[in-house]
Amino acid sequence: MRSIEDYMASLADRLGPGCGSGGPVIALMEMAGELPEMDPALKTEDALFHGCQSRVWLTLGFDPDARTVRVIADSDARIMRGLLSIAVNLYDGRSADEVASIPPDRLREAGMIELLAPSRANGFYRLLKHIHGYGAALAAERAELS
């Protein structure tokens, strides 16, 4: 798995000032195609993440065999799918401690949240906080058990 630092650097390359003629919006739309398809059976009312303009489904879990957090997400909006691709690549498959160590502000500090319209930025930031909080709670729970 790619390090967090390497992934953040690749994001800066893809979404930063020199990201091409289409800019960050086109880059996000391309990233939407990189998001794995979510099993339609997981797209339930319970999996809907509220607080985003578009419909977003989010399923979080823990793989006890690999001891990693699992993040599965999808949206009916292409730009949001690109953003979800970032969230999945950033958090999925990492230990709970790693997820807890990647605060949502990391993307804000990198200037990636500011690329978005305010309402979309707020929704995406809330989603990142939710995933981060899940990882932090899981890490704390596992620490108590050891």
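Taking the alpha carbon gyration tensor of the range 21-146, what are the square roots of 5 times its eigenvalues, largest first, to the nearest whole Å?
Rounded to whole Å, the semi-axes are 25, 17, 13.
Note the full-extension length gain between ARG2 and VAL25 as 0.36 nm times their separation in residues minus their Cα-Cα distance, in nm to one decimal. Before the final figure, lay out the partial values.
On the way: separation 23, 0.36 × 23 = 8.28 nm, distance 2.40 nm.
Fully extending the segment from ARG2 to VAL25 adds 5.9 nm.
So what is the relative contact order for the range 1-64, in percent, with contacts set as C-alpha pairs under 8 Å and at least six apart?
On the way: 25 pairs, mean separation 9.6, N = 64.
Reported relative contact order: 15 percent.
Given R₀ = 25 Å, what would the calculated FRET efficiency be for SER101 paired with GLU34, taking r from the Cβ atoms and rounding to 0.05?
On the way: r = 24 Å, r/R0 = 0.95.
With a Förster radius of 25 Å, E is 0.60.
Would you kindly state how much longer the chain becomes between SER54 and ARG78 on full extension, computed as 0.36 nm times their sequence separation minus their alpha carbon distance, in nm to one decimal? Before the final figure, lay out each step's value.
Working: separation 24, 0.36 × 24 = 8.64 nm, distance 0.96 nm.
Contour length minus Cα-Cα distance gives 7.7 nm.
Take every Cα pair under 8 Å in the chain that's 6+ residues apart, average their separations, divide by the length, and report that relative contact order as a whole percent.
Numbers: 180 pairs, mean separation 31.7, N = 146.
Across the chain, relative contact order equals 22 percent.
If exposed means no more than 15 neighbouring beta carbons inside 10 Å and the site is in a DSSP loop, what's the longest run of the chain without any exposed GluC sites (Glu not before Pro)? Write down the numbers at each step before the final one.
Working: sites that count: GLU34, GLU37, GLU45.
Result, exposed sites excluded: 46-146.
Here, each number is a calculation from the coordinates, and none is a lab measurement. Just so you know, these numbers come straight off a predicted model, no measurement behind them. Cβ: placed from backbone, ideal geometry, glycine included. Neighbour counts: every protein chain shown.
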